[in-house]
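Visitor: Quick one: structure below, then a few questions.
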Amino acid sequence: MKKSLIALASGAFALGAAEFVMMGILPQTARDMRVTIPQAGHFISSYAIGVCVGTLILVFGRKARPKYLIASFMILIAVGNGLSALAGSAPMLLLARFIAGLPHGAFFGTSAYIARSTADKGREAQAVSITITGQTLANMLGVPAGTFMAENLSWRLAFTILALWGAATIILVIRWVPDIPPVPDRGIKGQFHFLRRRGPWVVLAAVFVGNAGIFCWWSYISPWLTHVGGWDLGRVSLLMMLAGFGMVVGGLAGGALCDRWKHAGTAALGQLLASLGLLLVFFLPGSRAVTAILTFLIAFSLFFVSTPQQVLMVEVGEGGGELIAGAATQVAFNFGNAVGSTLGGMALNASGMDYHYPALAGTPLALAAFALLVFYSWRCETDTDALNRLHPINL
């Protein structure tokens with residue numbers, strides 16, 4: 001594996017853990033900040049809003065070399081998580097989470113461009129999936145570790161470690177990431193030229209509604225596991241590790257298939273699995289076995305779609321808009337997270353805190369994402385070389 005991909009994956013680990021750890025420590029954070037569980041969902045939303053706003057970094061930093069953009073993003077993640085660890089009130093934590101989210105979309109847009117530009121021919125999607133694996137490993141290892149810290153020590157320790165991780169990653173980026181030239185400068189308007197076509201809007205809509213649907217339920221996975229699955233709070237960290245394993249497997253599987261088949265078709269397959277998983281969450285009675293299986297399934301599908309959607313957007317942005325297009329995927333992803341956590345909280349309140357109903361609220365959105373990706377594959381991928389790339393997998 002190229003060292004540059006390891007450095008980028010390390011940054012993705014810090015960002016992924018910062019984004020998802022809140023789901024595992026939500027009860028403890030809500031208690032210390034003196035807010036309800038649905039109100040604590042805003043700590044998730046504030047990070048997602050930061051992701052959306054932070055994309056402007058790329059608009060004004062378009063002439064910077066990608067390597068140094070990545071380093072600056074890691075400075076922001078270190079500062080944002082450090083402030084999260086020190087937050088003494090809910091408003092302070094909301095602000096800190098917003099700052100921590102600022103570099104997220106810009107980082108993944110830039111890292112996808114670097115990974116794709118330096119990858120061996122025919123392995124571009126797999127190179128992108130390796131960088132994203134850092135985010136999935138964060139869910140497999142970082143989030144359970146953060147949950148364990150929250151249960152036994154302090155949730156603040158999790159954010160402290162993430163701040164230090166971000167600072168250490170700066171060194172890896174400076175040493176290992178190649179100093180490739182900036183994307184072609186087409187001016188501010190030129191960066192958004194790709195949005196004049198229909199295809200990118202279809203993909204972004206699919207990313208948005210798909211993640212909104214999943215995060216209706218995922219935002220409240222920790223209390224769902226305890227109230228519906230009957231898991232002890234002390235075992236939630238193990239279930240978060242299972243979810244992270246599902247994300248790792250899903251991300252790598254999606255990247256491998258993406259290099260061999262239609263990108264949107266690959267994403268549509270993963271979105272269909274997510275829709276089925278959400279339906280099962282609502283209809284199946286709670287038990288430890290059922291909740292564990294569904295946690296793995298939906299986590300697998302969540303990141304199975306990630307690489308093909310990221311690659312699709314980097315491709316449509318070629319000619320100066322690569323970074324913005326890649327970042328736009330993360331903006332849609334996190335905007336969907338923010339809306340999803342809010343809708344999930346509304347479903348909880350409307351149902352009298354029945355943790356089955358956030359999944360029901362999210363199912364139509366997940367199905368809408370599946371339909372959009374099928375439409376894109378049908379209308380926009382008919383002239384690709386997808387069938388020619390369908391070669392055997394070397395075991």
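The values are calculated or read from the model by the stated rules, or taken from the named source; none is laboratory data. Please read all numbers here as calculations on a predicted model, not as lab measurements. Glycine gets a Cβ as well: all are built from the backbone with ideal geometry, and neighbour counts include every protein chain shown. To get the accessible areas, we keep the full protein, side chains included, count just its heavy atoms, and leave off ligands, DNA and RNA. Shrake-Rupley method; radii C 1.70, N 1.55, O 1.52, S 1.80 Å.
Visitor: With every protein chain in place, what's the accessible area of Val21 (1.4 Å probe, Å², nearest 10)?
Guide: Here the accessible area works out near 0 Å².
Visitor: Here is a further query. So if I place +1 on the C-beta of Lys and Arg and -1 on the C-beta of Asp and Glu, and nothing else carries charge, what would the dipole magnitude of segment 228-368 be about its Cα centre? I want it in debye, nearest 20. Could the numbers behind the result be given before it?
Guide: Details: 4 positive and 6 negative charges, 66 e Å.
Value, rounded to 20: 320 debye.
Visitor: Would you calculate the separation in nanometres between label points at Ile171 and Arg288, each defined as 7 Å from the Cα along the Cα-to-beta-carbon direction?
Guide: Computed distance between label sites Ile171 and Arg288 equals 4.2 nm.
Visitor: In terms of Cα to Cα distance under 28 Å, which lysines are near enough to Lys2, apart from those fewer than 8 places away along the same chain?
Guide: List returned: Lys63, Lys67, Lys121, Lys262.
Visitor: Turning to a different aspect of this structure: What ranking of Lys2, Lys63, Lys189, Lys262 comes out by heavy-atom accessible area, probe 1.4 Å, highest first? Spell out each step's value before the answer.
Guide: Numbers: Lys2 80, Lys63 140, Lys189 180, Lys262 50 Å².
If we order Lys2, Lys63, Lys189, Lys262 from most to least accessible, we get Lys189, Lys63, Lys2, Lys262.
Visitor: How high is the relative contact order of segment 108-205, given as a whole-number percent (alpha carbon pairs under 8 Å, six or more residues apart)?
Guide: Result for segment 108-205 is 13 percent.
Visitor: Let me ask something additional. Taking the Cα centre of segment 32-170 as the origin and placing charges on Cβ (Lys, Arg +1; Asp, Glu -1), which of Asn139, Leu86, Gly101 is farthest toward the positive end of the dipole?
Guide: Checking the options against the dipole of segment 32-170, the answer is Gly101.
Visitor: Please give, to one decimal in nm, the separation of the simple spin-label points placed at Lys121 and Lys189, each 7 Å out from Cα toward the Cβ.
Guide: For the pair Lys121/Lys189, the computed spacing is 3.7 nm.
Visitor: Let me have the relative contact order for the chain, percent, based on Cα pairs under 8 Å that are six or more residues apart.
Guide: Numbers: 820 pairs, mean separation 104.4, N = 395.
Normalised by residue count, the contact order of the chain is 26 percent.
Visitor: Starting from the Cα of Thr160, step 7 Å along the direction of its Cβ; do the same at Val59; then give the gap between the two resulting points in nm.
Guide: With each label placed 7 Å out from Cα toward Cβ, I get 3.8 nm.
Visitor: Putting +1 on Lys and Arg Cβ atoms and -1 on Asp and Glu Cβ atoms, find which of Leu238, Phe303, Ser10 reaches farthest to the positive end of the dipole of the chain.
Guide: Of the candidates, Ser10 comes out farthest on the positive side.
Visitor: When the Karplus curve 6.51 cos²θ - 1.76 cosθ + 1.60 is applied with θ = phi - 60°, which whole-Hz ³J(HN,Hα) does each residue of segment 75-88 get, with x for Gly and Pro?
Guide: Karplus-based 3J(HN,Hα) across segment 75-88 equals 4, 5, 5, 5, 5, x, 6, x, 5, 4, 5, 9, 4, x Hz.
Visitor: Also, quick follow-up: From the backbone phi of segment 144-153, what are the Karplus-calculated ³J(HN,Hα) couplings (6.51 cos²θ - 1.76 cosθ + 1.60, θ = phi - 60°) in whole Hz, Gly and Pro given as x?
Guide: x, 5, x, 5, 4, 4, 5, 6, 10, 10
Visitor: Give me the dipole magnitude in Debye, nearest 20, for the chain about the Cα centre, with unit charges on the beta carbon: positive for Lys and Arg, negative for Asp and Glu. Each step should come with its number before you reach the end.
Guide: Working: 25 positive and 16 negative charges, 123 e Å.
Using only the charged Cβ atoms, the result is roughly 600 debye.
Visitor: A further question on this structure: Relative contact order of segment 128-269, please, whole-number percent, based on alpha carbon pairs below 8 angstrom and at least 6 residues apart.
Guide: Values: 76 pairs, mean separation 74.3, N = 142.
Rounded, it is 52 percent for segment 128-269.
Visitor: Just to check I understand the Karplus step: with θ = phi - 60° and J = 6.51 cos²θ - 1.76 cosθ + 1.60, what whole-Hz values come out for segment 156-169, glycine and proline as x?
Guide: 5, 4, 4, 5, 4, 5, 5, 5, 5, 4, x, 5, 5, 5
Visitor: Here's another thing I want to ask about it. As a check on your grasp of the helix formula, calculate [θ] at 222 nm for the chain: sum -39500 (n - 2.57) over DSSP H runs of n ≥ 4, divide by the residue count, round to the nearest 500. Can you show the working numbers first?
Guide: Details: 19 runs with 305 residues, N = 395.
When only DSSP H runs of four or more count, the value is -25500 deg cm²/dmol.
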